[in-house]
Amino acid sequence: MVRAFLGTVLIALASAGCHHRASPVMMLGGCSEVRPPIGPPGHIELIQSTGRDTLLGEMNVGRFIAQLRWSSDSLAKESTPSSAIFHLRGVTASTDTTIFLGPPALQPGQVPTIVVQVVPGSYRVDIRSLGAQRLDTVLAVRRGYSDTWRVFVQAGGLQICS
């Protein structure tokens, strides 16, 4: 008897809670319109270090410093990309590494940056950033050097599907 009463009360409260002034939102599967790209296509500028990195010493590693930016100058003045996933797959060696560059706690004008140390060699680099076109290229990491990758991602040009 108590169970039946509690069940009735719960159903009444649940249905009463669903009746409010806002109209319900219907979520149907589908996709948004494709947003136009903003700025030039994404690309990576490789700045090779002219001298060996003394901090790496005799270790069999190389290092790269990746800086994430928008490819559009006007968009870059307003904001920076919030995060990115770098997926590196060795072209000749069996290396598979995923690195996350998280939402930065940056001062205005600062650029999201990561420093990554890996085994030297050629890597297929796949970079994905929220709200940006995907980048896919091949880059080399040199033993004993710290090179800089300026990663410019193109905003927009995407379709959001649910």
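Values quoted throughout were computed directly from the atomic coordinates according to the rules given, and no laboratory measurement underlies them. In this text, all values refer to a predicted model and were calculated from it rather than measured experimentally. Note that each Cβ is placed from the backbone with ideal geometry, even for glycine, and that neighbours are counted across all protein chains shown.
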note = Total charge of the residues flanking ARG143 in space, meaning their Cβ is under 14 Å from its Cβ, with Lys and Arg +1 and Asp and Glu -1, is 0
request  = With a bin width of 10 angstrom, please list the P(r) values of the stretch 43-153 as percents of all Cα-Cα pairs, from the 0 bin to the one holding the largest distance.
outcome  = 14, 46, 31, 9, 0
task = With a point put 7 Å past each Cα toward its Cβ, work out how far SER94 is from SER122 in nm, to one decimal.
result = 2.0 nm
query = Once you list every other residue whose beta carbon is under 15 Å from the beta carbon of PHE86, what net charge do they have if Lys and Arg are +1 and Asp and Glu are -1?
reply = +3
query = When the chain is fully extended, how far beyond the present Cα-Cα distance does ILE85 get from ASP73, taking 0.36 nm per residue of separation?
reply = 2.1 nm
ask   = Contour minus end-to-end for SER49 and ARG134, with contour as 0.36 nm per residue of separation and end-to-end as the Cα-Cα distance?
value = 28.0 nm
